[in-house]
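The values are calculated or read from the model by the stated rules, or taken from the named source; none is laboratory data. Source: prediction; values computed, not measured. Don't worry about glycine lacking a Cβ; one is built from the backbone with ideal geometry, like all the others, and counts go over all protein chains shown.
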Amino acid sequence: METGEEHKSPPYMIVFVVLAVLTVAEVLFALLFTGLPKFWMGVGLIFMAVWKAVLVAMYYMHLRFEPKRLWILAASPIPLAIILVVVVIREF
Amino acid sequence: MSTTEKDIASAVDAGGQHDHHEIPWIRKYVFATDHKMIAKQFMFVSLFFLVVGGALAGMMRFQLGFPGQPMPGAGILPDAMMAPTPNGAIMLPEFYNSLVTMHGTIMIFFAIMPLLVGLFGNLLIPLQIGAEDMAFPRLNMASFWLAVPAGMLMLASFAVEGGAAGAGWTSYAPLSTSGEWTGVYLGQQLWLVSLTILGFSSLIGAVNYITTVINLRAPGMTWFRIPLATWSLFVTAVLILLAIPILAGALIMLLFDQTIGTGFFRPEVGGEPLLWQHLFWFFGHPEVYILILPAMGITSEVLSNRARKPIFGYHSMVLALISIGFLGWIVWGHHMFQSGMNPLLGTSFMISTMAIAVPSAIKTFNWLGTLWKADIHFDVPMLHALSFVSMFIIGGLSGIFMASTPVDIYIHDTYFIVAHLHYVLFGGSLFAIFAGITYWFPKMFGRMMNEPLGKVHFVLTFIFYNLVFFPMHNLGLQGMMRRIYDFTQYDFLQPLQPMNQFITLFAFALITTQLLFVFNFFWSIFKGEKAGNNPWKSNTLEWTVPSPPPHGNFAEMPTVFRGPYEYSSPESDDDFLPQTTPPREGPGPSSGVPEPTPTPEGAEA
Amino acid sequence: MTTITADRAPMAGMKVYHLKLGMWVFLLSEVMFFTGLIGSYVILRFAHPEAFGVPGEVLNVPLTAFNTFVLICSSVTMVKAFAAIEQNDQEGLQKWLLATILLGAFFVGVQAWEYTLLASEGFVPMAESYHAIARGAAEGSEVIGGPLYGATFYTMTGFHGAHVSIGVFCLCFTLYRARKGAYTAGNLGGVEIMGLYWHFVDLVWILLFTIVYLI
Amino acid sequence: MTWSDWSWVLPEAFSTFSDDVDMIYYVILWVTGIIFVITEGVLIYFLVRYRHKEGRKATYDHGSSKLEIVWTTATLVVCLALGIVSKGVWDTMKIDVPEGAMEIIVTAQQFEWHVTYPGPDGALGTADDFEVLNQIHAAVDEPVWIHLRATDVLHSLFLPEMRVKQDAVPGKDIPVWFEATATGEYTIGCAELCGIGHTTMNGTLTIHTAADFQAWATAQAQRPRPRP
Ligand code: HEA
Ligand code: HEA
Ligand code: CUA
Ligand SMILES: [Cu+2]
């Protein structure tokens, strides 16, 4: 936004369609492939969820169009979150 | 979230209008948005809490020095705290537990943290980076006015049925999950609610500081020209921003456990008490660095100024701040070595804890380096800053004992820990606060503090402080547990009675000595010698404006040409060279020409 | 060196105006807040798998999947509102904001309904079954959620729901200001940060939905 | 008050690993002691040497990267060395419970220690188990493996003369072990705040000779007691 130059609106609708499709895919995956090992089920679902989250952040929150430093700022708590969960899980 | 909307308006206000000359009294002194006034508000409130915390410590020390003996004058306290006997009132164990808990809580959350972050953060950040106020002045006001009710709730908990929280400042579950275990019901809940509110207050403060430092620096104030005090407050704000929400989440879960019967931390219904400890210390260790980093920043500032010499290794000082901030996130397990945590994790936490000595070493040695071939003036702020350095060395080195897992087995939860934490918190943070208050007092009130009185206060405090806390190491080594109401219950601790009495007597002396400071402080506000703009001949921007600075701080936008510590530079005839003095022969190659910037209101160009 | 007077021209900083930067910084702390809550769920579930039911059997996945879709739609309408004001399209702004409010409120409504359904089946955050009965479960029925599953579930989704509710509240305020013409193509900070918050809440739900309802 | 109270010497200890613990403590004491003396000494020297005198101007100097690298590396090396020394002893104390130890259960409860012995059949969890309150008995030179449990809140089993400390966590069964090297009566303490009676939650650890311990155990097992 701040660049001031004219950029055409990001592909909001396309992102929306992808999000919707991924949601349906997730639900179907979870409900239909119940035979899958829990681990792979989890990996698949997390993969899709993270993909969706990244899409929202990139397009709807405009991170793609922001300066790189904001980008770094936005990503900074993620390592901490991972450290906390991964370490504490090893406890049990 | 509702606040952010309003800030659209306030950001616009801050954008350039200088025309509020007629500020109504209530907006100037009570619901103030001026960062300097908010800083002072934080100062008065937290000094009050410092006195409260000190009084609680005094009562605790009485019990430890004279276990089970009637406390003079305590008869006025309710029977729920002090059991009346024919000879006088004797302290009850549940009241002792409340005292420990509230002493720790009040000192950490309501005294030291708001002094460092609320007072110095508000006072210094805008002034040192050349901004006219914080990015969100109204949010700043909200931050203060959330802290006040939080403090009142905390104090009120002494008066409720069952007394104040009594599970330690760490409130370990399951002890804290139910009044069944402690006899404290409402008090424990007030503790949780109060800290949650205070957490929110710190959080919006942190948002404000971070935005301000990133976006409001005066032209030429590049990252590596920011004074170390502001740098440390910036890193601290990041720690607050990311650590407090974890605490808030944990507090809320604990509150639910207590009030509505959930089972997060309650083993009797399948919950995990260790989860509380992990969440608490994941916040808690960054928290102790929140309490030391600004102190380090203040020390660097005072040390360099009073030594009339550039700080040794400015860049590595900044990097050390950042790496302490980062490493602080991966060491929390060192509080849990004996908690029943997976012992394999213990080793990794030990290594990371040891590693944190490295950036601390950089800071310590660089302070020493700053003094090398310097021109040292022993003013009151300098004396406090120097004792910060020497006391932090002691406190830090005692941390190494506990970081070593096998040694920690023996000294965990003994007075060795109590000694460590007071060396870093009192010897460290509080001495730096004394340094900071005396150093910036002229800027805040336009008057100097009384020098001889300040020196007497310093010398007595320094001596008594060491006599109180140094022997605690030895108590710990003899095996005396902490948070213990009556150590004479243990045969093997009975020989420690004289030493405990010794500590208690000097604790009383220490507390009494603080009256000198109280007197000096209030006397100087009204009667102190008038101070000019720059009594310390300092380089940083806050000293270029009148004392106290007017609303909006800078009459004219300052431009920054160099780093903050150019003392005794050959370029200047005097022994200092303010950041705003233009270079002698035109702009040097490195002097920052301000980059063009976006308009602050987010408009499209 | 020219001296800069009067008007402020500070350092470039983040190249982002205050309000937006402030919002982003605030959102970072929100990340940690939800890390604490969702993390506790993950950790407790890992430690006590037996205390947690199979989500599909206890929770109403299709209903919530639909609700997820509603929230995603509200993100689109929000971003449309922002796109509208970028073109200085006041009417579009108000229209899309209103749509977002309605979708958001609908989401909260469905969640509240879901809660009552679950509670009446005995799925509550507490340990004792009389709590379930007090919330509409049949006499003599068991507590299904137990103190761990129910507690983490309601805390997590509840705090998310609270965020949505606060968002709806703020959106109403934004709409009110929009009707007064407070925003223009050159002054759209308020709409943009509102959007950032809203999308963040959506983003959290996306992760939460997967972790709580599907895995 | 006697001067020995100020001592930096740890009180005597009587378990197989206590010497190792004390040794690490003394190593750290020496290392930090030397660092303490050097840093504070340098500090005081500088303060005296470079105190303000009329007409003195400080040296204009921004530091030296070479020096900084030296002391950073030195600190790192010292700390890592301390870490490595510590690891072995930690593993011995907390992880490597020796084979064939006598197993007992210690259950902490506000505000007492319930100690369960296996009884004549030598196995825990059988009918002939017997329980004593606030006392642990063991034979000298014989490892003891304590199953540490708690029923209500956190407690911490502290045996100062054995250099043992371990929190008891409700819902967990935490292994703690030690092997005493001398007979005598020692302290049991609770080191974790556990409520109003935290102070009073203490007891006695008695280390017998092997024969005495047998005699004690037999006598206890025959003592009539109410079944739980
Ligand atoms: C301001 C607060 C503050 C600070 C800065 C520190 C700093 C450190 N702390 Fe401390 N700590 C507390 C506040 C603080 N602590 C509190 C409040 C508790 C108790 C909580 C409770 O349970 O109530 C605690 C408890 C605590 C424990 C838990 C003990 C237990 O309960 O069993 C441990 C264990 O590792 C520890 C370690 C350290 C270490 C290694 C540092 C390091 O950062 C220190 C680094 C500094 C130096 C080492 C000195 C300077 C360096 C040199 C001179 C260079 C040369 C040095 C070497 C080569 C070693 N601390
Ligand atoms: C910064 C923090 C801080 C400070 C300054 C202090 C100061 C003191 N502390 Fe505290 N203490 C803690 C933090 C602190 N403490 C913590 C975190 C714990 C652990 C709690 C727990 O276990 O849960 C603890 C525990 C603790 C214990 C262990 C209790 C136990 O385990 O049973 C003891 C025992 O002696 C003690 C004593 C003292 C004493 C005598 C002082 C004295 O130094 C007090 C001296 C008095 C003052 C410092 C007030 C002076 C006031 C001013 C100077 C301001 C006046 C100015 C104006 C109004 C203008 N403290
Ligand atoms: Cu049991 Cu303290
Ligand atoms: Cu720590």
Output the number of the condition that residue B:336 fails; it satisfies all remaining conditions of (1) crowded, with 22+ Cβ neighbours inside 10 Å; (2) within 16 Å of ligand 2 (Cβ to nearest atom). (1)
Any chance residue C:148 is part of a helix (DSSP H, G or I) and either within 21 Å of residue C:54 (Cβ to Cβ) or more than 14 Å from chain B (Cβ to nearest Cβ) (or both): yes
Only one of (1) within 13 Å of ligand 1 (Cβ to nearest atom); (2) closer than 30 Å to residue B:441 by Cβ fails for residue B:387. Which number is that? (1)
Please indicate, with yes or no, whether at least one residue in region B:401-411 is among the hydroxyl-bearing types (Ser, Thr, Tyr) and either within 16 Å of ligand 3 (Cβ to nearest atom) or within 16 Å of residue B:298 (Cα to Cα) (or both). no
Of all helices (runs of 4 or more DSSP H) completely enclosed by region C:1-90, which ones contain at least 2 residues that are at pLDDT 90 or above and within 22 Å of residue A:74 (Cα to Cα)? C:18-47, C:61-86
Among (1) surrounded by 21 or more Cβ atoms within 10 Å (Cβ to Cβ); (2) modelled with pLDDT under 90, where does residue C:117 come up short? (1)
Which residue pairs have Cβ atoms under 7 Å apart, sit 6 or more places apart or on different chains, and have a first residue in region B:168-188 that is farther than 11 Å from residue D:194 by Cα and acidic (Asp, Glu) and a second that is within 16 Å of ligand 4 (Cβ to nearest atom) and not in a loop (DSSP other than H, G, I, E, B)? none
Test of understanding: among D:107, D:59, which residue is away from ligand 1 (no atom under 16 Å from the Cβ) and either in contact with a Pro (Cβ under 9 Å, 6 or more places away or on another chain) or in a loop (DSSP other than H, G, I, E, B) (or both)? D:59
Does residue D:133 count as within 16 Å of ligand 3 (Cβ to nearest atom) and within 18 Å of the chain's Cα centre (by Cα)? no
Determine if region B:577-598 includes at least one residue that is exposed (fewer than 15 other Cβ atoms within 10 Å of the Cβ), under 28 Å from residue B:446 (Cβ atoms), modelled with pLDDT under 85 and of a type outside the set (S, T, N, Q). no
Any idea which of B:130, B:162, B:151 is within 16 Å of ligand 2 (Cβ to nearest atom), in contact (Cβ under 8 Å) with a residue 24 or more places away in the chain and not hydrophobic (A, V, I, L, M, F, W, C)? B:151
Suppose we filter B:255, B:247 for residues that are over 26 Å from residue B:388 (Cα atoms), surrounded by fewer than 24 Cβ atoms within 10 Å (Cβ to Cβ) and within 14 Å of chain C (Cβ to nearest Cβ); which single one remains? B:255
Here is a list: B:213, B:207. Which entry is assigned to a helix (DSSP H, G or I) and more than 7 Å from chain C (Cβ to nearest Cβ)? B:213
Answer from A:76, A:9 - the residue that is farther than 23 Å from residue C:211 by Cα and within 8 Å of chain C (Cβ to nearest Cβ): A:9
Members of region D:195-204 that are in a strand (DSSP E or B) and surrounded by fewer than 16 Cβ atoms within 10 Å (Cβ to Cβ): D:204
Exactly one of D:120, D:170 is in contact with a Lys or Arg (Cβ under 8 Å, 6 or more places away or on another chain) and surrounded by fewer than 23 Cβ atoms within 10 Å (Cβ to Cβ), and that residue is D:170
Of the numbered conditions (1) surrounded by fewer than 24 Cβ atoms within 10 Å (Cβ to Cβ); (2) part of a helix (DSSP H, G or I), residue B:161 fails exactly one; give the number of that condition. (2)
If we only count helices (runs of 4 or more DSSP H) wholly inside region B:361-424, which ones have 3 or more residues that are facing chain D (nearest Cβ under 7 Å)? B:380-403, B:405-411
Would you say residue A:88 is over 15 Å from the mean Cα position of the chain (by Cα), buried (at least 18 other Cβ atoms within 10 Å of the Cβ) and either modelled with pLDDT of 85 or more or β-branched (Val, Ile, Thr) (or both)? yes
Scan region B:555-568 and give yes if some residue there is over 27 Å from the mean Cα position of the chain (by Cα), assigned to a helix (DSSP H, G or I) and surrounded by 15 or more Cβ atoms within 10 Å (Cβ to Cβ), otherwise no. no
Search region B:339-360 for residues being within 8 Å of another protein chain (Cβ to nearest Cβ) and in a loop (DSSP other than H, G, I, E, B), and hand back the single one that is surrounded by the fewest Cβ atoms within 10 Å (Cβ to Cβ). B:342
Is it true that residue B:290 is within 14 Å of chain D (Cβ to nearest Cβ), within 18 Å of the chain's Cα centre (by Cα) and within 11 Å of ligand 1 (Cβ to nearest atom)? no
Residue pairs qualifying under the 6 Å Cβ cut-off, at least six apart or on distinct chains, with the first in region B:563-586 being within 22 Å of residue B:300 (Cα to Cα) and the second being among the small types (Gly, Ala, Ser), are B:565/B:304; B:568/D:58; B:575/B:568; B:577/B:569
Neighbours by Cβ (under 9 Å, 6+ apart or cross-chain): first from region D:194-207, outside the structural domain of residue D:106 (by TED's automatic domain parsing) and free of Cβ contacts under 8 Å to residues at least 40 places away in the same chain; second near ligand 3 (Cβ under 7 Å from one of its atoms) and among the aliphatic types (A, V, I, L, M): none
If I ask for residues that are touching a strand residue (DSSP E or B) at 6+ places or on another chain (Cβ under 7 Å) and among the basic types (Lys, Arg), which ones from region B:440-455 would you list? B:447
Close pairs (8 angstrom Cβ cut-off, 6 or more residues apart or separate chains): at negative phi in region C:59-82, outside any helix (DSSP H, G or I) and surrounded by 22 or more Cβ atoms within 10 Å (Cβ to Cβ) anywhere: C:82/C:188
